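A short write-up of the structure that comes next.
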Amino acid sequence: MKKIIFLGWLVLFLPAMVFAQEKIEAPVWNVGDKWMFDREGPMEVIGNDAHSYSVKFSGGIFPKDESGIAIFERSTLNVKYILEGNKRKEYRSARKKIPNFPLTLGKKWKDVYQKGGIVVIHHQNYDIHETFQVVGWEDIDVRAGKFKATKLKYVIQIIYQGPGYTNMLESRASYWYSPVVKNFVKCQYEKGYSEGIDNKGTREDWQLVSYALKK
């Protein structure tokens, strides 16, 4: 009887255990792959080579209210460059290293970069510290459908200094990535989220509306 109960437990929980331990490699994107989001899109793959993908984006997928063409590294899907005309400019801004393949449960990574802005009445540079972590799998229901997605927690800290003081602003968000979709399907920002000391970096939650993947 105990053996039957144990086997039943394995049948019930083994698929979840395998999924939780699964290593997710970087997806293969093809020219023409496209994702439409309700606030942060669309994204469309318009070129590729042995090392990278060229992706047209709009709606502020990266910095808020920006559009253009981004160059993604094939092996990690880190954003390496933004095109300015025909020239590549190194990308040093929010979420350069998301999602950072391969993904495994518990994986944690960081990034640091510097920006400029107005603090009180002075223009100065301030440091941005980002932390990412894979925390598990969840079933997600969005406008594009239902997907099993891996959840990433994201923390952004803005650290700036003035005469005799140091301040830090911290914001948090969650992202859900679906291997079936080959992209994120949902993002949820915690209350008060901001990517800038001037509050111009506030964001709204978004989700995947539709997608089309080429063979």
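The values are calculated or read from the model by the stated rules, or taken from the named source; none is laboratory data. Bear in mind the structure is a predicted one, so any value in this text is a computation, not a measurement. So basically every Cβ, Gly included, is an ideal-geometry build from the backbone, and we count neighbours across all protein chains shown.
Would it be correct to say that Tyr160 is among the aromatic types (Phe, Trp, Tyr), out of contact with any His (no Cβ under 9 Å at 6 or more places or on another chain) and at pLDDT below 95? Spelling it out, Tyr160 is indeed among the aromatic types (Phe, Trp, Tyr), out of contact with any His (no Cβ under 9 Å at 6 or more places or on another chain) and at pLDDT below 95. Among the criteria (1) farther than 23 Å from Ile128 by Cα; (2) surrounded by 18 or more Cβ atoms within 10 Å (Cβ to Cβ), the one Ile82 does not fulfil is (1).
What about Val181, is it within 15 Å of the chain's Cα centre (by Cα) and either touching a residue at least 12 places away in the same chain (Cβ under 8 Å) or crowded, with 18+ Cβ neighbours inside 10 Å (or both)? First the steps, then the outcome.
Numbers: within 15 Å of the chain's Cα centre (by Cα): yes; either touching a residue at least 12 places away in the same chain (Cβ under 8 Å) or crowded, with 18+ Cβ neighbours inside 10 Å (or both): yes.
Spelling it out, Val181 is indeed within 15 Å of the chain's Cα centre (by Cα) and either touching a residue at least 12 places away in the same chain (Cβ under 8 Å) or crowded, with 18+ Cβ neighbours inside 10 Å (or both).
When the test is whether a residue is touching a Gly at 6+ places or on another chain (Cβ under 9 Å), more than 19 Å from Asp38 (Cα to Cα) and either part of a loop (DSSP other than H, G, I, E, B) or modelled with pLDDT under 95 (or both), Lys151 does not pass it. Residues of the range 33-51 include none that is out of contact with any Pro (no Cβ under 8 Å at 6 or more places or on another chain), exposed (fewer than 14 other Cβ atoms within 10 Å of the Cβ) and at pLDDT below 85. The residue list Ala144, Ala149 contains one member that is within 23 Å of Lys110 (Cβ to Cβ), touching a Phe, Trp or Tyr at 6+ places or on another chain (Cβ under 9 Å) and of a type in the set (Gly, Ala, Ser), which is Ala149.
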